[in-house]
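The values are calculated or read from the model by the stated rules, or taken from the named source; none is laboratory data. Note that the structure is predicted; figures quoted are calculated from it, not measured. Cβ coordinates were reconstructed from backbone atoms using ideal geometry, including for glycine residues, and neighbour counts include every protein chain displayed.
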Amino acid sequence: MDENDEDDRTRIPNLMQLGSIPKDLTMDQDTETLDPVVNSQTFCRFVLSNKGYLHSFSKIILGVDNAGSGTFPVNIGVHSLIERATLRIGTTVVAELDDFNHWMGYKSLFIDNQTNKERETYTTSRIMAHDFVLKNNVNAQSNVNASFYGLNTNMEYDVETAGDEGNLQSQPEIRTGNKPTFAIALADLFPFLQFNQLPLFQITQQVSVELHFTPQASLKRCIHVKTDEASGTLFNIDETKTKFVADYIYYSPEKMQEQAEIHRDSTWTYNDYRLNKRTFTQGQLQDNTIIDIGGAGRIINKVITALEGVRDPADSHMLNRYTSSAPSLVGNNNGRFTTNLIYNDNRLYPIDRTNSAVHFYDLVQAEQNIANVTRQEFTSAGTGGGLADDYTYMNYEPVSVAEGLNGNFHYIAYRLNRNERVNSRGIQLQLQYSTVNNITYTHRSWLEMVKTARLQDGMFSCDLM
């Protein structure tokens, strides 16, 4: 191949990458609804057709088959049904995400209010849109203020005639008794696909998507209406409605053949996530603890952590167990969380992080996106004029730590800034909570690793960097 041939190749767009394409490029799309080849209350597997490019925002349809007025957790919606997701090509695991339902507690932070209200409510059952609550004193109509905020769900608060307290009911469209179905985007299941789309027509191996469902007995699938329904309902996945709506993209035969020849041997890099999980007691969290979270010999871009307060029963909380606990208050004093990351014999931060505003800044910098969460939800601070304490949602109190939103979105992110491989000692996480409740906690750390994928003569392979 001479130099001019190489220049011609660089001018041809790579259709495996999501992004803009030439405006004169003709594109067709075919949609196929797939039934799972294996389907149960614990697991399902879909096998895709080896044709066209798989659109990264193809959808998996899920729903539950139960009576009553239960709903999915308000912050993650239908994602609570999936515990682990795996994308497999042949025998190669291309991407896998453990504790996917808890992971979506973090990713859902970055959806803005309007999208939650107008779109996510009906596509995924996520309803975390905020708005001011206009408080009425019943007999004094002019005495209206907006000193509190609450959920904005397109429903009105039911104000009791004897006072000014009110309850917000869930929307009928998302109640389990109406047997709704919701859609999960493939790119949410596998972050690898947020920037790439699979050239299925070039792959000769079987491409499959595997979903391990959240166990029924854990009570982590849905939530019930407090005081109206008994806790402990085992929500059943409606197996007849479990579908994969696959969108395949086609170009002209000449363009498809051209892409197959040019990218016959292709290599690209992407991010995958590895989970480290362990249990802590109150005393262990209040000590200055350093834990090993892995990553030895790998290139790690960032670390995401969450601290779940294990409260039973799980379905008696607005967020179920998909939370990350902030330090608890002592009287009117805010608790403190002190942390740092240690790798390659250096600390990520010269001075340990203790300020909650700095924690939030680190979160925004790691994700390069604003988290749509309030100060009170992030750190339990600002209770004087924050979540509506006179109003409830499904009879739960949003201002409560034990059953609501207060201090349950305290996700912490660390962006590793040296672009170097982690040594054999791995990454160590330092953490100390000044005050936490006397319950058991589960701490999760997701390490964002760099992987390489290679497609050569129809065969797919992956390696960690």
Is there a residue in the range 109-123 that is part of a loop (DSSP other than H, G, I, E, B) and either in contact with a Ser or Thr (Cβ under 8 Å, 6 or more places away or on another chain) or modelled with pLDDT under 90 (or both)? no
Filter the range 230-241 down to residues that are assigned to a loop (DSSP other than H, G, I, E, B) and either touching a strand residue (DSSP E or B) at 6+ places or on another chain (Cβ under 7 Å) or without any contact (Cβ under 8 Å) to a residue 12 or more places away in the chain (or both), then give me how many there are. 4
Output for the range 236-286, where each listed residue is buried (at least 16 other Cβ atoms within 10 Å of the Cβ), of a type in the set (Lys, Arg) and either at pLDDT 95 or above or under 28 Å from Ile299 (Cβ atoms) (or both): Lys243, Arg274
Only residues that are of a type in the set (A, V, I, L, M) and surrounded by fewer than 19 Cβ atoms within 10 Å (Cβ to Cβ): list them for the range 184-196, please. Ala185, Ala187
On the basis of being in contact with a Lys or Arg (Cβ under 9 Å, 6 or more places away or on another chain) and not hydroxyl-bearing (Ser, Thr, Tyr), does Asn333 make the cut? no
Within the range 85-114, work out how many residues are without any contact (Cβ under 8 Å) to a residue 40 or more places away in the chain and in contact with a helix residue (DSSP H, G or I) (Cβ under 9 Å, 6 or more places away or on another chain). 1
When the residues of the range 363-376 are narrowed to those that are buried (at least 20 other Cβ atoms within 10 Å of the Cβ) and out of contact with any Gly (no Cβ under 7 Å at 6 or more places or on another chain), which ends up modelled with the lowest pLDDT? Val373
Under 8 Å by Cβ, and 6 or more places apart or on different chains, what pairs join a residue from the range 329-355 that is of a type in the set (Asp, Glu) with one that is part of a loop (DSSP other than H, G, I, E, B)? Asp345/Asn423; Asp345/Arg425
Scanning the range 88-106 for residues that are of a type in the set (A, V, I, L, M) and more than 17 Å from the chain's Cα centre (by Cα) gives Ile89, Val93, Val94
Can you tell me which residue is nearest to Lys220 (Cα to Cα) among those in the range 100-125 that are among the aromatic types (Phe, Trp, Tyr) and surrounded by fewer than 22 Cβ atoms within 10 Å (Cβ to Cβ)? Tyr122
With the requirement that a residue be among the hydrophobic types (A, V, I, L, M, F, W, C) and farther than 15 Å from Ile184 by Cβ, what does the range 221-258 give you? Cys222, Ile223, Val225, Ala230, Leu234, Phe235, Ile249, Met256
Which residues, counting only those in the range 218-268, are closer than 30 Å to Gln41 by Cβ and among the aromatic types (Phe, Trp, Tyr)? Phe235, Phe244, Tyr248
Test result for Ile291, at pLDDT 95 or above, β-branched (Val, Ile, Thr) and out of contact with any Ser or Thr (no Cβ under 9 Å at 6 or more places or on another chain): no
Among the listed residues Tyr396, Tyr361, which satisfies the condition of being hydroxyl-bearing (Ser, Thr, Tyr) and touching a residue at least 24 places away in the same chain (Cβ under 8 Å)? Tyr396
When residues of the range 287-307 are limited to those that are assigned to a strand (DSSP E or B) and charged (D, E, K, R), the one surrounded by the fewest Cβ atoms within 10 Å (Cβ to Cβ): Asp292
Looking at this structure, is Met449 surrounded by 16 or more Cβ atoms within 10 Å (Cβ to Cβ), more than 30 Å from Asn196 (Cα to Cα) and either at pLDDT 95 or above or among the aliphatic types (A, V, I, L, M) (or both)? no
In the range 388-430, the residues that are in contact with a His (Cβ under 8 Å, 6 or more places away or on another chain) and assigned to a strand (DSSP E or B): Tyr396, Ile412
What about Glu210, is it in contact with a Lys or Arg (Cβ under 8 Å, 6 or more places away or on another chain) and not aliphatic (A, V, I, L, M)? yes
Screening Phe182, Phe201, Phe190, Phe195 for residues that are among the hydrophobic types (A, V, I, L, M, F, W, C) and at pLDDT below 90 leaves only Phe195
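Identify all residues within the range 341-361 that are under 22 Å from Ser325 (Cα atoms) and crowded, with 19+ Cβ neighbours inside 10 Å; write none if there are none.
Scanning the range 341-361 gives Leu341, Arg353, Ser356, His359, Phe360.
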